[in-house]
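**Q** Pasting a structure below so you can have a look.
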Amino acid sequence: MNTILKKTSTAVLTSLLLSSTVMAAEVTLRFGHFWPAVSDIHKEIYQAWADEVEADSDGRIKVELYPASMLAKPPAQYDAVKHRILDVTATVQGYSANRFPLTQIMELPGIVQNAAQGSCVIQKLYDEGAFGKEYKDSKPLFLFTHGPGLLHVKGKSIEEPSDLEGLRIRRPTTVIGSLLEELGALPIGMPAPESYQSLQRGVIDGVALPWEGAKSFKLNELADNHTEVGGLYSLAFIVTMNQSVYNKLDDELKAVIDKNSGEKWSGIAASVFDRLDKEGLADAEADNHNIFHVDASSNQKTWQPVFEKVTENYLSQLESKGMPAKTVYKRALELSATCS
């Protein structure tokens, strides 16, 4: 009897081990980004994407998430994918200065009204080939934007450009830096995760971020004055994958990645950003912060001329280097209207 039980137990154990082997992931993707692990961006976009990829692959793909710049600092995350320190990243194209100049046209004033509309524009531009060979060294999965950027300042209300004179304002990219400089501010370059400590220590006087960023990085705890200028700027984001890692997948697993790419996930990301914009604004209102809205007439008189100058300068600069910047900008405006 003991012999029979022993043989049965061995058979069951062998079966379980074989089953475990079959179910074990064949591919592990290291996915890094700079948002905090507790943020809704991490949980509702990147963790959700990881979960869906794992489910669609029947467990053959496992996604390990590394939030909060654990494996690479924000400016280095795209290269971390290129050199396979990471297999996938979500990052800001503009953090890699001069690398995605046509994509950064999306940062210019007046294109993005909200994340859903902006994400529709940038994903369609990419799908149409508007950005040329800017992404030749990775496998883009989906692109999106945040909603309108605005100014969050500690201790001073910004109502017109002259109020920015001499203020040290965190800028996310060189394009936004040029805009802030033209408005009279002193742009200080830094990734979003460094903003809180810098504002707390008095290294900067304020930040350029959407309401989502104020919420995700807790800037509403420090900045008590907020200025909304319609169409000030927006940032482009990308979720991208190491090309060789993608190429080595079999056709079935490539189909899983392809299914979880493009417009579907661009739209999912946008919906999260738009909701968080509303929540960030609501948090500031609940704390009785000063929120100044630039009306249409003052925008035309004071802000809009600066917007037009910065836009023309940037497009002309790219055109002088042989890039079809004005064509891409024109198409972005067309899509901006249809995506609305």
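**Q** Which one of the conditions (1) touching a Ser or Thr at 6+ places or on another chain (Cβ under 8 Å); (2) surrounded by 18 or more Cβ atoms within 10 Å (Cβ to Cβ); (3) under 19 Å from P148 (Cα atoms) does P193 fail to meet, given that it meets all the rest?
**A** The one condition P193 does not meet is (2).
**Q** State which residue pairs qualify: first residue under 14 Å from F237 (Cα atoms) and inside the stretch 248-274, second residue among the polar types (S, T, N, Q) and open to solvent by less than 50 Å² (accessible area, probe 1.4 Å) in any location, beta carbons under 6 Å apart, and separation of 6 or more residues or different chains.
**A** That search, which allows pairs on different chains as well, returns E263/Q123; S266/S119; S266/Q123; A270/S119.
**Q** Kindly list, by first and then second residue, each pair from a residue in the stretch 217-234 that is more than 17 Å from S157 (Cα to Cα) to a residue that is assigned to a loop (DSSP other than H, G, I, E, B) and open to solvent by 20 Å² or more (accessible area, probe 1.4 Å), limited to pairs with Cβ atoms under 8 Å and residues at least 6 apart or on different chains.
**A** Between residues of the stretch 217-234 that are more than 17 Å from S157 (Cα to Cα) and residues that are assigned to a loop (DSSP other than H, G, I, E, B) and open to solvent by 20 Å² or more (accessible area, probe 1.4 Å), the close pairs are F217/P36; G231/G110; G231/Q113; G231/P148; Y233/P148; S234/P148.
**Q** Also, quick follow-up: Filter the stretch 136-182 down to the residues that are aliphatic (A, V, I, L, M) and in contact with a Phe, Trp or Tyr (Cβ under 8 Å, 6 or more places away or on another chain), then identify the one that is farthest from I41 (Cα to Cα).
**A** By that ranking, first place goes to I158.
**Q** Another question about this same structure. Can you tell me which residue among D58, D79 is modelled with pLDDT of 95 or more, out of contact with any helix residue (DSSP H, G or I) (no Cβ under 7 Å at 6 or more places or on another chain) and on the phi > 0 side of the Ramachandran plot?
**A** D58
**Q** With the requirement that a residue be touching a residue at least 12 places away in the same chain (Cβ under 8 Å), of a type in the set (A, V, I, L, M) and open to solvent by 20 Å² or more (accessible area, probe 1.4 Å), what does the stretch 60-101 give you?
**A** Scanning the stretch 60-101 gives L65, A68, M70, L71, I85, A97.
**Q** While we're here: From the list K330, K326, exactly one residue is open to solvent by 70 Å² or more (accessible area, probe 1.4 Å), farther than 23 Å from G206 by Cβ, free of Cβ contacts under 8 Å to residues at least 24 places away in the same chain and in contact with a helix residue (DSSP H, G or I) (Cβ under 6 Å, 6 or more places away or on another chain). Which is it?
**A** Answer to the check: K326.
**Q** Kindly indicate whether I257 is modelled with pLDDT of 95 or more, surrounded by 16 or more Cβ atoms within 10 Å (Cβ to Cβ), within 30 Å of K215 (Cα to Cα) and not aromatic (F, W, Y).
**A** The answer is no for I257.
**Q** Continuing with the same structure: Here is a list of conditions, (1) of a type outside the set (G, A, S); (2) within 25 Å of R84 (Cα to Cα); (3) open to solvent by less than 10 Å² (accessible area, probe 1.4 Å), and P210 meets all of them except one; can you say which number that is?
**A** (2)
**Q** Can you tell me which residue among T311, T240 is surrounded by 13 or more Cβ atoms within 10 Å (Cβ to Cβ), in a helix (DSSP H, G or I) and in contact (Cβ under 8 Å) with a residue 12 or more places away in the chain?
**A** After applying the criteria, what remains is T311.
The values are calculated or read from the model by the stated rules, or taken from the named source; none is laboratory data. Since the structure is predicted, the reported quantities are computational estimates derived from the model, not experimental observations. Every residue, glycine as well, gets a Cβ built from its backbone with ideal geometry; the counts of neighbours run over all protein chains shown. For accessibility, only protein heavy atoms count, side chains too; no ligands or nucleic acids. Shrake-Rupley method; radii C 1.70, N 1.55, O 1.52, S 1.80 Å.
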